[in-house]
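The values are calculated or read from the model by the stated rules, or taken from the named source; none is laboratory data. Here the structure is a predicted model, which means the values were calculated and not measured. All Cβ positions, glycine included, derive from the backbone under ideal geometry; neighbour counts span all protein chains shown.
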Amino acid sequence: MVSEFVGGGYAKLGPPCQQIASHTMPTLTEKILARAAGRKHVVPGEIVVIEPDVTLSHDNSAAIAQIFAQLPHKRVKFPERLAITLDHAVPPPSPKHARNHAEIREFARAQGIQQFYEVGRGICHQVLCEEGVVGPGMTLLGADSHSPHFGWLGAFSAGIGRSEVAALWATGQLWLRVPETLRINLTGSLRRGVTSKDLTLALIGGLGADGAAYMAVEFAGEGLAKMTPDSRAALTNMMAEMGAKSACMPPDDTTWRWLRDTLARTRPQDYEQRLDYFEANALYPVADAQVAGEQTVDLCQVEPMVACPHAVDNSFPLSEVAGRRVDIGFIGTCTNGRLEDIAAAADLVSGRQLRRRLLVIPASSLVLRDAAEAGHITALLDAGAVIGTPGCGPCMGNHMGVLAPGEVCISSANRNFRGRMGEPAAEIYLANPAVVAASCIAGKLTHPADL
Amino acid sequence: MTKTTHRVWKYGDNINTDVIFPGKYTYTISHDPVQLARHALEDLDPAFAARAQEGDVIVAGRNFGNGSSREQAVTCLVHAGLRAVIAGSFARIYYRNAINNGLLAIECPSIVDCVETGDILEIDMAAHELRAGGRSFSFAPMPEEVRAILDAGGIIAYLSAQD
Ligand code: SF4
């Protein structure tokens, strides 16, 4: 049995684990956790206490504040380490949602939370990357299950629950079990029309929804070097759907270039210092780090994939399910709502008309701005698509595009659970953004090359 | 009271947080016990909320609670009267959330195929055993520190008591 709690507990720690062998071949995850815990090294299974650099919460911050209010601690211990984004139901679809946002604003003001991002700025995971809140070698714990996202920058990040976030606000610390590492080596390169989303659906389909349960996934290999920043982020983000605690990859030239270009736009006043800090902070795995499991994927072999209702690991090659009915498409979310995703859809719909409704929600205001500047928004609107406010949209069934009973949606999101988009009698298929767009053009599940 | 008896609700593998507590309610229902209990397992078993009784337990397969980090997926069961969730395995955030909200979570793959809805099951925390249908199934003891959080009624009560 591997469990989060094996070997220790919160705050008051027992004696260190029995067999702590000298661990000379640490993974990236182990290196980051060792430094965060103030230790020379850590080994999988051991319990460590860390003070994370960043604690993430979003529209759930008001509920967390109510839990926090039950604690004797009146002030947040490290307000500068909190980051709060309003993103899950924006703009607020009901007075209740609006009141929720108002309570969060008031909390952020009262506690002096500077890293506070308003309605319309975008989805927490995308925004904290763009704003340089998280960078290489840093640690983040978030009240959101897709928190492994930040590993694409070479950070350690994991999801936790609301009560734990309240505890973290109060004490600044939390215990973690050091995860075993599953290394995924990528060789070759993806074929045209195949994306990192297809790779994730193939991996999750093959290994199962608990294929990396309690583990850290680390990506490596020359196939990774060729991947764009946008597609890397989709990769670490989706590992949440394989049960992973965290997912990461070492920063490389592509990472640094993205950070420099992006931070120069979002924080022109201090981006040089921020990059210096990231560079001094970055960590890299040792060659041949010891891992608990290893998979090698030849990217040339990956095909366009579709996850069928109602589980992410219920995935099939698109060729086996092409032709199935589709009523509506959704392109967006922290998984596939970035510029590259919107560009792929815009290229396909240019000069064509959509046979089905297509809802496009950029992951952030920066993405929306870039997509508008590149002409993608115009192309999508001309084809009949709907554009929404940057945020989560209907991803978890809150608002702005939820489904009717019996409707079939093809989505670029990360989850297709029953009821996820608000209606249990609806069906959700997951695919890459080009497949979503092609399916809305053809009116059925379709490979872009078959249009 | 180390031995307790319970009525079983039996479910399969990969019971995810969206069917335990639908995402559409996450920002409108946070702490109201009646509302939380009313929507428990809504998209999985519509009969559950009306018929669950104080002290019942869920027995389910692998990867129970995968998906969202929403804690209502734990607290809705607590308010519905559930005493424990016994599963082949748990998704990690769900396991943490369960303990942190005082819901007993026991990993015991061997019992999963041996009980059905309506069966009576005994939990023996001292012996680390589950008993049902004349058979017993052992589970790994919970580390002391974790037991302390659980026994305090969750992490908030635990931290408050420590301060
Ligand atoms: S886009 Fe969807 S998966 Fe991502 S943070 Fe928002 S609700 Fe969660």
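Matching residues to (1) more than 14 Å from the ligand (Cβ to nearest atom); (2) over 27 Å from A:F278 (Cβ atoms):
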{"site": "A:E30", "(1), (2)": "yes, no"}
{"site": "A:L33", "(1), (2)": "yes, no"}
{"site": "A:R39", "(1), (2)": "yes, no"}
{"site": "A:A83", "(1), (2)": "no, no"}
{"site": "A:H88", "(1), (2)": "no, yes"}
{"site": "A:A102", "(1), (2)": "yes, yes"}
{"site": "A:V133", "(1), (2)": "yes, no"}
{"site": "A:G142", "(1), (2)": "no, no"}
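Can you tell me which of (1) surrounded by 24 or more Cβ atoms within 10 Å (Cβ to Cβ); (2) within 13 Å of the chain's Cα centre (by Cα) is the one B:G55 doesn't meet?
Answer for B:G55: the failing condition is (1).
Of all residues in the stretch A:204-244 being outside any helix (DSSP H, G or I) and hydroxyl-bearing (S, T, Y), which is modelled with the highest pLDDT?
Among them, the one singled out is A:T228.
Within the stretch A:419-443, count every residue that is under 25 Å from B:H39 (Cβ atoms) and in a loop (DSSP other than H, G, I, E, B).
8
How do the pairs read when you match residues in the stretch B:87-108 that are more than 7 Å from chain A (Cβ to nearest Cβ) with residues anywhere that are at pLDDT below 95 and in a helix (DSSP H, G or I), using Cβ under 6 Å and keeping only pairs 6 or more apart or on different chains?
Close Cβ pairs (under 6 Å, with a partner that is at pLDDT below 95 and in a helix (DSSP H, G or I)) amount to B:A105/B:Y95.
Collect the residues in the stretch B:25-55 that are in contact (Cβ under 8 Å) with a residue 12 or more places away in the chain and either in a helix (DSSP H, G or I) or polar (S, T, N, Q) (or both), keeping them in residue-number order.
Matches in the stretch B:25-55: B:Y25, B:T26, B:S30, B:P33, B:V34, B:L36, B:A37, B:F48, B:A49, B:Q53.
Which ones in the stretch A:427-444 are within 17 Å of A:P317 (Cβ to Cβ) and of a type in the set (G, A, S)?
A:A431, A:A434, A:A438, A:S439 - these are the residues of the stretch A:427-444 that are within 17 Å of A:P317 (Cβ to Cβ) and of a type in the set (G, A, S).
Please tell me if A:N416 is within 16 Å of the ligand (Cβ to nearest atom), within 14 Å of another protein chain (Cβ to nearest Cβ), at pLDDT below 95 and part of a loop (DSSP other than H, G, I, E, B).
No; evaluated as a whole, the condition is false for this residue.
Against the condition surrounded by fewer than 24 Cβ atoms within 10 Å (Cβ to Cβ), within 16 Å of the ligand (Cβ to nearest atom) and more than 10 Å from chain B (Cβ to nearest Cβ), how does A:G406 come out, does it pass?
Judged against the criteria, A:G406 is not a match.
Output the residue which, of all residues in the stretch A:419-435 that are in contact with a Cys (Cβ under 9 Å, 6 or more places away or on another chain) and within 14 Å of chain B (Cβ to nearest Cβ), is farthest from the ligand (Cβ to nearest atom).
A:E427
Would you confirm whether or not the stretch A:356-378 contains a residue that is charged (D, E, K, R), over 25 Å from B:K24 (Cα atoms) and out of contact with any helix residue (DSSP H, G or I) (no Cβ under 9 Å at 6 or more places or on another chain)?
Scanning the stretch A:356-378, I find at least one residue that is charged (D, E, K, R), over 25 Å from B:K24 (Cα atoms) and out of contact with any helix residue (DSSP H, G or I) (no Cβ under 9 Å at 6 or more places or on another chain), so the answer is yes.
Quick check on this structure: which one of A:Q295, A:Q301, A:Q290 is away from the ligand (no atom under 16 Å from the Cβ), in contact with a Pro (Cβ under 9 Å, 6 or more places away or on another chain) and within 25 Å of A:L186 (Cβ to Cβ)?
One residue alone meets the criteria, A:Q290.
Given (1) more than 19 Å from B:Y95 (Cα to Cα); (2) among the small types (G, A, S); (3) at the interface with another protein chain (Cβ under 10 Å from one of its Cβ atoms), identify the lone condition not met by B:A132.
Of the numbered conditions (1) more than 19 Å from B:Y95 (Cα to Cα); (2) among the small types (G, A, S); (3) at the interface with another protein chain (Cβ under 10 Å from one of its Cβ atoms), the odd one out for B:A132 is (3).
Within the stretch B:135-142, identify whether any single residue is in contact with a Gly (Cβ under 9 Å, 6 or more places away or on another chain), farther than 23 Å from A:E46 by Cα and within 12 Å of chain A (Cβ to nearest Cβ), and answer yes or no.
no
Could you count how many residues in the stretch B:43-65 are within 9 Å of chain A (Cβ to nearest Cβ) and over 18 Å from B:C108 (Cβ atoms)?
So the answer is 2.
Exactly one condition in (1) within 16 Å of the ligand (Cβ to nearest atom); (2) touching a Leu at 6+ places or on another chain (Cβ under 9 Å) is false for A:A108; which is it?
(1)
If you go through the stretch A:71-86 one residue at a time, how many are hydrophobic (A, V, I, L, M, F, W, C) and within 13 Å of chain B (Cβ to nearest Cβ)?
Counting residues in the stretch A:71-86 that are hydrophobic (A, V, I, L, M, F, W, C) and within 13 Å of chain B (Cβ to nearest Cβ) gives 2.
Being more than 15 Å from the ligand (Cβ to nearest atom) and either in contact with a Gly (Cβ under 8 Å, 6 or more places away or on another chain) or among the charged types (D, E, K, R) (or both) is the filter here; which residues of the stretch A:59-75 pass it?
A:K74, A:R75
Are any residues in the stretch A:304-359 within 27 Å of B:R62 (Cα to Cα) and without any contact (Cβ under 8 Å) to a residue 40 or more places away in the chain, and if so, which ones?
Answer for the stretch A:304-359, where residues must be within 27 Å of B:R62 (Cα to Cα) and without any contact (Cβ under 8 Å) to a residue 40 or more places away in the chain: just A:P317.
Checking the structure you have, find out if any residue of the stretch A:252-272 is closer than 26 Å to A:R191 by Cβ, of a type outside the set (K, R) and not in a helix (DSSP H, G or I).
Yes, the stretch A:252-272 contains at least one residue that is closer than 26 Å to A:R191 by Cβ, of a type outside the set (K, R) and not in a helix (DSSP H, G or I).
Give me a count of the residues in the stretch B:1-27 that are hydroxyl-bearing (S, T, Y) and more than 14 Å from chain A (Cβ to nearest Cβ).
3
Looking at the stretch B:143-163, which of the residues that are more than 9 Å from chain A (Cβ to nearest Cβ) and without any contact (Cβ under 8 Å) to a residue 40 or more places away in the chain is nearest to B:V78 (Cα to Cα)?
Filtering the stretch B:143-163 for residues that are more than 9 Å from chain A (Cβ to nearest Cβ) and without any contact (Cβ under 8 Å) to a residue 40 or more places away in the chain, the one nearest to B:V78 (Cα to Cα) comes out as B:D151.
Can you list residue pairs whose Cβ atoms sit under 7 Å apart, with the first residue in the stretch A:141-160 being on the phi > 0 side of the Ramachandran plot and the second being away from the ligand (no atom under 11 Å from the Cβ) and among the β-branched types (V, I, T)? Count only pairs 6 or more apart in sequence or on different chains.
A:G154/A:T255
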